[in-house]
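This report concerns only the one structure given below.
The values are calculated or read from the model by the stated rules, or taken from the named source; none is laboratory data. Quantities reported herein were computed from a predicted structural model and do not represent experimental measurements. Positions of Cβ are backbone-derived with ideal geometry, glycine not excepted, and every protein chain shown enters the neighbour counts.
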């Protein structure tokens, strides 16, 4: 039985609504990308130093710095909190719920993978009515204070061929090194970095990804029939 490990934040759940909340603070349109990139950098640095923290904690700590960098410092704390509250009410991205339903019906095992906390991942999937679709949620909590490999943990929960589905090129290359096959959805980053080995699959959206994975699942099933 093949496994699809979905990156949750930014791939399965859309972060676009956070852009509107940032713009309400007077931040420019690109503030979301800057906030996310600097927070991921800081989160990965903490993990490398043996001090893993859930991504939502790092996002909260990074936001005041981002606003200051963009010339919007000294914001009312209650208004900043409105942005952070948005993390708790993210909705599935276009096609995400359908992707989960179709792959589950096709015999795929689904795993949710996140740099955030397990509680945050569980809350988002339960709010969307999709928690039961995922066999496991692998989160920053599971990394502990050591530099554990989240992709290796995903493989431990997986059955058969395992794919990472993500919109982040850096995520895909790390998963590939851990032995996962990779499906990169180009809707966010648009361009694959020339310094990275090509992913196994490049598609524009989740709908196209599911079509390919359904065919792959059928092929694997026929091989083992």
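Structure notes:
- Residue count for segment 188-225 satisfying the condition of being more than 19 Å from residue 101 (Cα to Cα), out of contact with any helix residue (DSSP H, G or I) (no Cβ under 7 Å at 6 or more places or on another chain) and not in a helix (DSSP H, G or I): 11.
- Given (1) out of contact with any strand residue (DSSP E or B) (no Cβ under 7 Å at 6 or more places or on another chain); (2) touching a residue at least 24 places away in the same chain (Cβ under 8 Å), index of the condition residue 219 fails: (2)
- Of the residues making up segment 172-225, those that are surrounded by 18 or more Cβ atoms within 10 Å (Cβ to Cβ), closer than 20 Å to residue 159 by Cβ and modelled with pLDDT under 90 are 175, 176, 216, 217.
- Some residue of segment 94-101 being assigned by TED's automatic domain parsing to the domain that holds residue 200, closer than 30 Å to residue 133 by Cα, free of Cβ contacts under 8 Å to residues at least 40 places away in the same chain and surrounded by fewer than 17 Cβ atoms within 10 Å (Cβ to Cβ): yes
- Condition met for residue 67 (modelled with pLDDT under 95, within 18 Å of residue 14 (Cα to Cα) and assigned to a helix (DSSP H, G or I)): no
- Enumeration of residues in segment 47-62 that are in a helix (DSSP H, G or I) and buried (at least 16 other Cβ atoms within 10 Å of the Cβ): 47, 55, 56, 57, 58, 59, 60, 62
- Within segment 102-126, considering residues that are part of a helix (DSSP H, G or I) and touching a helix residue (DSSP H, G or I) at 6+ places or on another chain (Cβ under 7 Å), the one surrounded by the fewest Cβ atoms within 10 Å (Cβ to Cβ): 122
- Answer residue from segment 151-171, given it is more than 12 Å from the chain's Cα centre (by Cα) and part of a strand (DSSP E or B) and is surrounded by the most Cβ atoms within 10 Å (Cβ to Cβ) among those: 163
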